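Everything below concerns the one structure shown next.
The values are calculated or read from the model by the stated rules, or taken from the named source; none is laboratory data. Here the structure is a predicted model, which is why all the values come from computation and not from measurement. Counting neighbours? That spans all protein chains shown, and the Cβs are built from the backbone with ideal geometry, glycine included. Note: areas computed on protein heavy atoms with side chains; ligands, DNA, RNA excluded. Shrake-Rupley method; radii C 1.70, N 1.55, O 1.52, S 1.80 Å.
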Amino acid sequence: MHTMEETELLPLLSLLRRYLRLRDGHLLIVRSLWMPLALAVLVHLVGRLFPLPHYDRLTWAGSVLWACGVVGYSLLRPLSLARVARCTDAELGLRDRLATALELSADLSRAIRFDPELVTRQQEDALRVAQTVDPRTAFPLRWPRRPLLCAGGLFVVALLLSILPNPMDEVLATRAAIRAAIAEQAGKLEQTADELITNEAIDPAAREELLRQLRQAVERLRANPGDRERALADLAQLEEALRRRIDPQYAVRRTALEGLAADLAALAGAPDRERLPELDEATQLLEQLVGQADTMSVEQREALADMLSEAAGRLAGSDMELAAALSQLARGLRSGEFSPAEAQAAAAALRNASSEIALQQALARALDRTRDVSGTIARAGQSGQRASGRVQGQGQGQGQGQGQGQGQGQGQGQGQGQGPVSYTHLTLPTIYSV
């Protein structure tokens with residue numbers, strides 16, 4: 001009895017297995033080709049109804065996954081030689097010649113039950129038939145019409161959907177522009193917070209509260225996925241919180257304090273008359289002038305007292321504490337019985353007022369930056385002409401509003417404060433060393 005190696009049936013079956021695997025894989029591809037195309041059509045339709053990000057990538061991803069799955073299954077699925085023999089016998093009508101020969105060669109105990117001569121002749125017959133089998137003819141590549149027509153129709157639809165303009169593309173572009181604008185404006189708002197850290201003129205507790213509000217707004221903006229309304233609502237909340245902390249008498253109070261600082265610099269004989277001294281310098285000037293009150297003449301003390309009284313009058317409506325301290329100090333200078341406690345109280349009140357003015361300035365800058373950020377985000381993603389028109393309209397409105405506000409503020413300041421009082425006709429010791 002011949003063995004399977006001698007009959008060379010196994011190499012022939014291995015060759016048939018390769019062609020059978022190719023034929024089955026080809027048939028699987030043809031019959032399932034409609035699946036990725038249907039998925040592509042579905043994704044494109046959803047992308048036209050809803051703003052679906054990267055819908056084109058999802059289409060390609062589905063096609064790649066389908067191709068990998070089909071090819072991997074075709075190459076790696078188990079396909080034994082016994083199954084190849086049965087498939088060949090069934091499709092070519094060989095009446096189980098190959099399967100029987102393979103079974104008898106694999107199971108010698110079963111072959112012993114038969115006549116050895118009969119087994120040999122059967123295997124020789126199976127080998128002779130296997131050698132005459134053409135794999136390409138036995139397992140041809142078929143092209144079923146219905147699956148191909150279905151896949152072709154879906155391909156045309158998918159191609160048209162990919163070529164025709166998608167109205168959701170503009171929506172996605174707008175959202176991307178909004179996300180970029182939000183990220184950029186969050187950086188500007190964070191820069192405002194960083195600048196506030198180095199401002200030592202502000203009370204530390206008030207500065208920390210303002211920093212907390214700004215950083216909380218920055219975190220919300222950075223976590224925003226591109227929702228314009230949500231970003232504007234967060235900024236509106238910050239703007240309202242900043243507006244509540246701004247003193248309505250800030251402009252009048254600042255004008256009065258700047259006038260006081262200029263008067264103190266004039267009395268102290270400031271070398272640079274063109275430069276307006278800072279408010280913290282005004283505190284030091286007040287302390288130095290009051291410290292030399294004992295060496296001043298009566299006329300000089302009267303001039304200093306008059307200047308403090310007039311400053312107290314200007315501050316009466318905006319800072320009662322500082323106005324009261326300056327009035328008390330002025331009365332003490334006129335009577336010649338002022339105490340160091342009165343001078344310290346006035347200096348402390350002026351220092352607190354300077355710190356509050358610095359806080360109000362920081363709040364105003366933060367509020368302006370918040371409004372600018374809100375405007376930029378509100379205009380993000382709009383068309384060029386439309387955005388330009390809105391920017392011009394807003395610019396004109398803001399310019400008119402600012403112009404009117406500045407005009408009114410300056411008028412009020414000049415009317416109420418009457419400007420710095422000149423004391424240059426007095427001869428005082430030059431003590432300006434701030």
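Total residues in region 33-49 satisfying the condition of being in contact (Cβ under 8 Å) with a residue 40 or more places away in the chain and within 14 Å of Phe155 (Cβ to Cβ): the figure is 7. Residues that are surrounded by fewer than 16 Cβ atoms within 10 Å (Cβ to Cβ) and not polar (S, T, N, Q) within region 288-315 comprise Gly291, Asp294, Val298, Glu299, Glu302, listed in sequence order.
Is it the case that Leu148 is in contact (Cβ under 8 Å) with a residue 12 or more places away in the chain, part of a helix (DSSP H, G or I) and closer than 30 Å to Arg351 by Cα? Full working, then the answer.
Working: in contact (Cβ under 8 Å) with a residue 12 or more places away in the chain: yes; part of a helix (DSSP H, G or I): yes; closer than 30 Å to Arg351 by Cα: no.
No: the conditions fail for Leu148.
Per the conditions (1) assigned to a helix (DSSP H, G or I); (2) touching a residue at least 40 places away in the same chain (Cβ under 8 Å); (3) out of contact with any Asp or Glu (no Cβ under 6 Å at 6 or more places or on another chain), the sole criterion not satisfied by Glu103 is (2). Just one of the listed residues (Asp294, Asp272) is at pLDDT below 85, part of a loop (DSSP other than H, G, I, E, B) and of a type in the set (Asp, Glu), and it is Asp272.
Scan region 153-166 and tell me whether some residue there is touching a Phe, Trp or Tyr at 6+ places or on another chain (Cβ under 7 Å) and part of a helix (DSSP H, G or I). Looking through region 153-166, at least one residue is touching a Phe, Trp or Tyr at 6+ places or on another chain (Cβ under 7 Å) and part of a helix (DSSP H, G or I). With the requirement that a residue be open to solvent by 20 Å² or more (accessible area, probe 1.4 Å) and either β-branched (Val, Ile, Thr) or assigned to a helix (DSSP H, G or I) (or both), what does region 316-342 give you? Within region 316-342, Met320, Glu321, Ala324, Ser327, Gln328, Arg331, Arg334, Ser335, Pro340, Ala341, Glu342 qualify.
Results for (1) touching a Phe, Trp or Tyr at 6+ places or on another chain (Cβ under 8 Å); (2) within 30 Å of Asp115 (Cβ to Cβ); (3) in contact (Cβ under 8 Å) with a residue 12 or more places away in the chain, shown as yes or no for each residue.
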{"position": "Arg17", "(1), (2), (3)": "no, no, yes"}
{"position": "Ile29", "(1), (2), (3)": "no, no, yes"}
{"position": "Pro51", "(1), (2), (3)": "no, no, yes"}
{"position": "Arg57", "(1), (2), (3)": "no, no, no"}
{"position": "Val64", "(1), (2), (3)": "no, no, no"}
{"position": "Leu75", "(1), (2), (3)": "no, no, yes"}
{"position": "Leu79", "(1), (2), (3)": "no, no, yes"}
{"position": "Thr88", "(1), (2), (3)": "no, yes, yes"}
{"position": "Leu94", "(1), (2), (3)": "no, yes, yes"}
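Pick from region 194-214 the residues that are among the hydrophobic types (A, V, I, L, M, F, W, C) and in a loop (DSSP other than H, G, I, E, B): which of them is farthest from Ile377 (Cα to Cα)? That would be Ala201. Is there a residue in region 332-346 that is in contact (Cβ under 8 Å) with a residue 60 or more places away in the chain and basic (Lys, Arg)? No, there is no match, as no residue in region 332-346 is in contact (Cβ under 8 Å) with a residue 60 or more places away in the chain and basic (Lys, Arg). For region 234-248, check the following and say yes or no: at least one residue is among the β-branched types (Val, Ile, Thr) and buried (at least 18 other Cβ atoms within 10 Å of the Cβ). So far as region 234-248 goes, no, none of its residues is among the β-branched types (Val, Ile, Thr) and buried (at least 18 other Cβ atoms within 10 Å of the Cβ).
For region 370-378, the criterion of being closer than 29 Å to Leu221 by Cβ, assigned to a helix (DSSP H, G or I) and open to solvent by 50 Å² or more (accessible area, probe 1.4 Å) is met by at least one residue.
Of the candidates Ala130, Ala180, Ala217, Ala186, the single residue that is open to solvent by 40 Å² or more (accessible area, probe 1.4 Å), of a type in the set (A, V, I, L, M, F, W, C) and part of a helix (DSSP H, G or I) is Ala180. Within region 156-166, not a single residue is β-branched (Val, Ile, Thr), open to solvent by 30 Å² or more (accessible area, probe 1.4 Å) and either farther than 30 Å from Leu58 by Cβ or touching an Asp or Glu at 6+ places or on another chain (Cβ under 6 Å) (or both). Of all residues in region 142-182, those being among the polar types (S, T, N, Q) and touching a Gly at 6+ places or on another chain (Cβ under 8 Å) number 2.
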